[in-house]
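Here is the structure we will look at, set down as structure tokens.
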Amino acid sequence: MQTDNSSNFTLTSNNSQREMLLIPRSQRQSFFIQFSILTLLGWVVGGIASIALEKTIVETIPPSIFQQYLTWYSLGKSFSTNLIFALIFGADQAIVLRGYLSGWLWLLATCFGWLISNSVSTAWISYISAIAASSNLTLSANQTVILGILSTFLYIFSGIWLGFCQFLVLRRYTTNAWWWTFLPSGSFFFISILIWLLSLVQDFIPEANRTQILYLSGQGFTAVILGVVPAIGLCRLKKSPHINGISSSS
């Protein structure tokens, strides 16, 4: 009798732990595949849409019209293209996540987080490039490497903004999700490593197709990492007890 009670208690504990997961174990595989594929799709479609929008802006409103406000023109064009990309990218992920949390909140968080992250990294990298370009002295090999490492570090560090915005949504539905703030930076780190590895093997690629192959490979690896790493992280998150209470009562 006591053994049966212990077994029942163990089964109940295991079931409760499974229910605590944001993504139930029975749905992990399908969720992982769907989230990864839609993130890849969002990256491709968002990239194509942003390029098409930029082309439309340039053809409709050429920069020569705004010679006195060329900086504002460039900033507006960049913001518009990044915004359309972020909206499509976030919307594709929200399609999968809407069964587990608010899709609209995730869309807004991803959109704003991506815009801030991209703006910060672009500003810092442009600043470093401007310093290097304005230098009257020719940079040594060591200085070039240091500037490259610094630019890469700033790119990786900028992912915190995306992670923080997404964390503000996840904290409403999960517990102990503070580490998510640093997860996009981890994704950016793996992307940087893969891009560096691609640069090492570029001499083995035929020169005629080298630029295109490197670009497509880099974009493909980036999209895969941005889908796989968050998918793994989402599968490890646990529901907030408050959300469980609402689910059981409904």
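A short reminder: the numbers here are calculations on the coordinates, not readings from a lab. It should be emphasised that the depicted structure is a prediction, and the values quoted were computed from it without experimental measurement. Glycine also receives a Cβ, built like all others from the backbone with ideal geometry; neighbour counts cover every protein chain displayed.
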**Complete:** In nm, the gap between the two label points placed 7 Å beyond Cα toward Cβ at TRP178 and ALA52 is 4.4 nm
**Request:** Sort all Cα-Cα distances of region 141-225 into consecutive 5 angstrom bins from zero, then give the percent of pairs in each bin up to the one containing the longest distance.
**Result:** 3, 13, 17, 17, 17, 13, 8, 6, 4, 2, 0
**Request:** List every residue whose amide H lies under 5 Å from the amide H of LEU21, counting only residues 5 or more places away in sequence or on a different chain, with H placed 1.01 Å from N in the peptide plane.
**Result:** LYS239
**Prompt:** Measuring from label point to label point, each 7 Å out along Cα→Cβ, what is the VAL201 to TYR215 span in nm?
**Reply:** 2.1 nm
